[in-house]
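Contents: one structure, followed by commentary.
Each reported figure results from applying straightforward, stated rules to the coordinates on display, with no laboratory input. If you're wondering where the values come from, they're calculated on a predicted model, not measured in any experiment. Using ideal geometry, Cβ is built from the backbone for each residue, glycine included, and neighbour counts are taken over all protein chains shown.
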Amino acid sequence: MRRKRPDGLRGKDGALTQTWQVIAVRAVSHVLILCAAALVLFVTLAPAHAENLLIADVTPLDVPANLAVLRAQPALGATMAPLEPGQQPLTAALLANYVARQQALRDFDVNAALPQPELNSEVLLGYIARGSFGGNGALSAIDSFATSSAPAERALSPSVLAAYVESGYQTTPQRLDHANTERGCLAQAIYHEARGESEAGQLAVANVIVNRARSSKFPSTLCGVIYQNANKGRYRCQFTFACDGRDDTPGERRAWVRSKDLAQKVYAEFALGENVGAVPGSTLYYHTTAVRPSWANTYNAVAEIGSHIFYSPN
C-alpha cells in the first residue's frame with residue numbers, strides 16, 4: 001500500500017519544493033528578529049537625556065579648610081627646622097669666605113709642598129731620560145761642565161753636579177713658574193704694544209722680543225727684554241707701557257685673550273729654539289708709522305706691517 005505524503009508537500013521527480021505559505025512565514029520571522037535586534041541596539045546606545053545647564057549657574061566648590069592650610073605652608077614644610085650644629089645662613093661674609101677658600105685650594109701647589117729630592121746622579125739621570133724643552137737641555141748643561149770626552153752620563157760626579165746646580169738648576173715647579181711668568185710678560189707686551197694690529201702685526205712685535213732675548217745685546221729672558229730699564233724712571237725703558245706709570249691691567253677682554261693665546265704659541269717656539277718667522281731673526285727694533293725717531297736712519301728697514309716699521313742693525 002502506498003503511503004500518503006504530508007499536506008503541503010508534493011513530490012516531482014523525487015525533489016521536494018516549498019509552498020508559498022511556508023516561505024511567507026519564514027520571511028516574516030526573519031523580519032521580526034531583525035526589528036527586535038535593532039530596538040535593543042537603539043535602547044542600549046542612545047545617550048541619556050541631559051538637561052541644558054547655564055554657565056552662570058555653575059560655581060566652584062569651596063576649598064576644604066585643611067587643604068587651604070596645607071597650601072599656605074612653605075615649600076620646606078609647615079615649620080622651619082632649627083639649624084643643625086655647624087650650619088649657618090648664607091650671608092655675604094660667609095660667601096666671601098667660601099670663595100677665598102676655594103681660590104686658596106686651587107692655588108695650592110702640591111708639588112711645591114712636597115719635600116724636594118736631593119739632586120744626585122740617579123735623580124739627574126732620570127730627569128735627562130725624560131727630556132726637556134728643546135731636547136736634552138740638562139744633558140747639554142752637564143756636558144758643558146764635564147772635562148772628559150766621554151758621554152755626560154759616564155762623567156757624572158759630585159763636582160760636576162755641584163757645578164750644574166750653581167749654574168742655575170731649577171726644580172720642576174720653579175721651571176713651571178718661570179714659564180708662566182715669561183708667557184705673562186709676553187702677553188702684556190703684545191696687548192699694550194699691538195692689540196689693535198692684525199695677527200701678523202702682533203706676531204711681528206712678539207718676534208722682535210724673541211730676537212732680543214736671543215741676542216747678546218739684550219737680557220736673555222722675555223721678561224728681562226720687555227722690562228729692561230723700567231726701574232730707571234718714567235719713559236726710560238724699552239717699551240713705553242713698562243714705565244709710563246699707568247695701570248697695566250688689560251681692559252679689553254677679547255684683545256687680552258688674543259694676546260695670551262699668541263704669547264702661548266710664541267713662547268713655545270722660543271723655548272724650543274724655533275724661528276717665529278714673522279720678521280728676520282736680526283730684527284731688533286720697530287716704531288709706529290706715526291713717528292720718525294732719529295735712530296731709524298742708522299738701521300735697515302726690513303718690513304712694514306700694519307702701523308709698525310721693523311729694523312735690523314747694519
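Evaluating LEU262 against the criteria (1) surrounded by 13 or more Cβ atoms within 10 Å (Cβ to Cβ); (2) over 16 Å from HIS192 (Cβ atoms); (3) of a type outside the set (Val, Ile, Thr) leaves one unmet condition, (2). Of all residues in segment 220-241, those being of a type outside the set (S, T, N, Q), under 24 Å from ASN180 (Cβ atoms) and without any contact (Cβ under 8 Å) to a residue 24 or more places away in the chain number 4.
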